[in-house]
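Everything on this sheet refers to the single structure shown next.
The values are calculated or read from the model by the stated rules, or taken from the named source; none is laboratory data. If you're wondering where the values come from, they're calculated on a predicted model, not measured in any experiment. For neighbour counting, all protein chains shown are included, and Cβ atoms are generated from backbone atoms with ideal geometry for every residue, glycine included. When the accessible area is computed, the model is the full protein with side chains, heavy atoms only, and any ligands, DNA or RNA have been set aside. Shrake-Rupley method; radii C 1.70, N 1.55, O 1.52, S 1.80 Å.
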Amino acid sequence: MLSKHSSPNVPVRSSSILAPAAAWRLARQAALLAFAVLPAACSDLGPVDGELADVPEGEAASAAQALALPFPIDPRKSLLVTDVDVVSEFKLEDVLQQLIDQSGATGLTPTTLFQRLLDTNRTDAAGLFADVEHCDEVPGNRDDIHPPFDPNQISIVVPFEQQVPTGSRNGWPMFCPRDIGNDATRDPFSDPTASHAFMATTLANRFDLAPPDGANCGEYRVVFARRSGASSALVRSFIIFEARLPNPNPSLGRQACRPVVEFWQSQSDPAKSPATRASELRDFYFNGLPGFEPVIHIDHYGNAPGAERGQIRTNDFTFLANGQAALNTTWSLREFKLTHGTSAAPSLSVVPSFVNDNPAAKLFAPTASTDPRIATFQGSVFPGAVERLAATDDINRFAYRTPLPVEMNAGESVASPFHNNYLNAFGGGGSLKTSITSRLNTMGSDLTAEQIVARAQTLSCAGCHQPMGSDGSSTSTFDVGVPGTFFPRTLSFTHTSEKTEPIDGTTRQRFIISKALIDHFLPYRQQVMEEFLLNNPVLGFEKPGAWTTTSALLSQHTGRVKEGIASLELRPLSRASSITSASFSTAGRTPVGSTIKLDVFLPKALPGQNLNGSIQARLSIPSAGINDLSVGSVPLTSLTRGAFTTAAFPALPASAVDALNAAPSDVQLQFAFDMTIGSRPYYLDNVRFED
């Protein structure tokens, strides 16, 4: 910020952008043009840093919002839409039909595609479609279940599915069959009011999942719930379509996604009626914005090559009274990928997959094992993830630094007392605890090994949907090491409900959402949108490659962040190093203040280490005759260690302020560092000009 003041069957729309707040956008056009000339190549020297975007306290964004945004962002219109009269325009049958049409597959109907998906929950012996991958196609190994299977505990109180685990996915056991497989015999569309029919309850804007390099524009979801859940707590099932929207111009990074963010921001326009919002949202999902593919697209649910291509998930808790299988009483969360053929050989299938970044619980158990997966996980994979898991005090920013190796991911994520309970499996910790503690000590972190494992548990499907202590009890005091905050509770295994509530005392209704969403996750996602719309990606260190360096290693970091989506991680290679920004514009962002400020995270000192030094700032505006102007320096001894603090440089001369306020497009900043070389990195964020 500057101042406080792919299928050939699916066309891509190329007409002018839908216009939410056109006047506001025109006022910022010059600044956006400056962003477009930034270096096209991304040169993040570090590894992929996880996909969760993050936000600061946001005081600057909130102040700027009142001045710059045409209207405030309403989280229940622009982030998570559950208004019944809006989401009712979305039909599961229409979604499946669009995917079928795009695939070109003949003889396939929405009913058949639905039944094939549900048939994956049945055994081969009971399956309805011979070519469907049923849940017992690969036999399960009871030895991989944690806690270990004990036949002496079989009783009426132990769910049948846990007594006879007959299936496997990705080399890890899964419970089979599931009662929801009975729906493979039903037509969910013949009677839309039937208990086995599915209704749309939620539209979710997950722009916060767009990575820093803009490889995609985030994830856009539609949640369908079995109608029976509105009246029965024992028969609940959800199908969630989670599409990753491709970036039409990756060379521009996340800035190319601006039309998508502006579209969602426009949904908060108080002048728009529910009918208008419903029409626009349906158009966004089924037809796409100009220049973008529609959200509902056969390549957006895992089929296209490359990472992060979306998925279809199910969240199931069914008690359908079908013989012994009536004791299926655990929540099962599973993941699927959509696959299709070519125009010459069209086909379409929903194929079971593993649950991504959900390590199997047994990997945490400190027991002797010859399983190479356990040895690798405990020896290198999880200890290598500790730094990123520890590097934040915001639950929204928990992430693995890189995706887990495929073979570590469980076949399903089960929300039952222990089957997905990493803390229970971890127990005393053993050698894994020693490795985690060693990494934390190297970082200078006060977190415990148990808190790191708890953070990993919240990243699993089941752990996010139902935080549980090591004893298997649902708890409101789930300790993830964030001062003053426990991991928030949900609506008992879900974040959205099939039940409704009035909207602001009116006769209109909306589906209920969890307090975790209301109090923690939605405010975070709102800040992501605000910071993206209002702030400069160069000064916020948001754009990979926008800063170059001498004698240092630079990478983006999405954990330790003060403002925006990322900070700049700096590892000096010599005592003297510097970073230089790409040219940027102040157009549309004046008046600017006279003081350059930079938020700096200084690492805690290692034993016997002297961390004296300084940061010097320099300013260039060649068009104004200002070249390499020294702004002064800030001693490191004036800054707090182990937290972000602000380095405020001496006031700029009036001539420099006047030049900045003339809205030049060739502004450039340089920061020169005199820093101790050590094993702990420095983090930089949120450059701004303030009075």
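List of remarks:
- With contacts taken as Cα pairs under 8 Å and at least 6 residues apart, the range 366-497 reaches a relative contact order of 26 percent.
- A straight line joining the Cα centroids of the range 69-133 and the range 230-260 runs 13 Å.
- Solvent-accessible area per residue, Å², over the range 242-315 with all protein chains present [probe radius 1.4 Å]: 28 Å²
- Translational diffusion of the range 172-235, µm² s⁻¹ [Kirkwood Rh, Cα pairs; Stokes-Einstein; 37 °C; 0.692 mPa s]: 224 µm²/s
- Charge dipole (debye, nearest 20) of the chain; +1 at Cβ of Lys and Arg, -1 at Cβ of Asp and Glu: 820 debye
- Taking the accessible area of the chain, probe 1.4 Å, and keeping the other protein chains in place, the carbon and sulfur fraction comes to 54%.
- Proximal lysines to K433, defined as alpha-carbon separation beneath 24 angstrom and excluding residues fewer than eight positions away on the same chain: K362, K604
- Distance distribution note for the range 473-575: the fraction of Cα pairs above 23 angstrom is 53%.
- Take the Cα radius of gyration of the range 425-501 and divide it by 2.2 N^0.38 Å, N being the number of residues; the result is 1.27.
- Within-13-Å neighbourhood charge of A449 [Cβ basis; K, R +1; D, E -1]: 0
- Cα-based Rg / Dmax (Å) for the range 528-625: 15.2, 48
- Between T506 and T434, the modelled label-to-label distance comes to 6.3 nm, taking each label 7 Å out from Cα in the direction of the beta carbon.
- Note on K543: lysines with a C-alpha under 22 Å away, same-chain residues under 8 apart excluded, are K4, K562, K597.
- Segment A654-A233, extension gain: residue separation times 0.36 nm, minus the distance between their alpha carbons: 144.8 nm
- When the range 280-427 is reduced to its Cα atoms, the Kirkwood hydrodynamic radius in Å: 18.5 Å
- Reach of K499 by Cα under 19 Å, taken over lysines that are not fewer than 8 positions away in the same chain: K77, K91, K515
- Length released on extending from D519 to Q616, taking residue separation times 0.36 nm less the Cα-Cα span: 30.9 nm
- Each Lys or Arg adds one and each Asp or Glu takes one away; over the other residues whose Cβ falls under 13 Å from the Cβ of P139, this sums to -3.
- Ranking F238, L113, S273 by how far each Cα lies toward the positive end of the dipole of the chain (charges on Cβ) leaves S273 at the top.
- Separation in nanometres of the label points that stand 7 Å from Cα toward Cβ, at N249 and T370: 5.9 nm
- For Cα extents along the principal axes in Å, the candidate list reads (i) 91, 59, 58; (ii) 90, 56, 42; (iii) 82, 60, 54; the entry that matches the value derived from this model is (iii).
- Label-to-label distance, nm, for residues given as T646 and V84 (7 Å Cα→Cβ offset): 4.8 nm
- Student exercise, the range 177-312 dipole from Lys, Arg, Asp, Glu Cβ charges, in Debye to nearest 20: 260 debye
- Kirkwood-based shape ratio for the range 641-680, expressed as Rg/Rh from alpha carbons: 1.12
- Each 5 Å bin from zero holds the following percent of Cα-Cα pairs in the range 559-691: 2, 10, 20, 23, 19, 13, 8, 4, 1, 0.
- The range 176-286 pair-distance distribution - Cα-Cα, 5 Å bins, rounded %: 2, 10, 16, 16, 14, 13, 12, 9, 6, 1, 0
- Range of Cα positions in the range 205-360 per principal axis (Å), largest first: 56, 43, 35
- In order through the range 358-375: 3J(HN,Hα) via Karplus (6.51 cos²θ - 1.76 cosθ + 1.60), integer Hz, x for Gly, Pro: 10, x, 4, 4, 4, 4, 8, 6, x, 10, 4, 8, 9, 5, x, 5, 5, 4
- Computed over neighbours whose Cβ is under 11 Å from that of L491, the net charge equals +3, Lys and Arg +1, Asp and Glu -1.
- Note on the chain: helix-only mean residue ellipticity at 222 nm, from DSSP H runs of 4+ residues weighted -39500 (n - 2.57) and normalised by residue number, equals -6000 deg cm²/dmol.
- Counted residue by residue at 0.36 nm each, then reduced by the alpha carbon distance between them, the extension gain from F486 to L606 reaches 40.2 nm.
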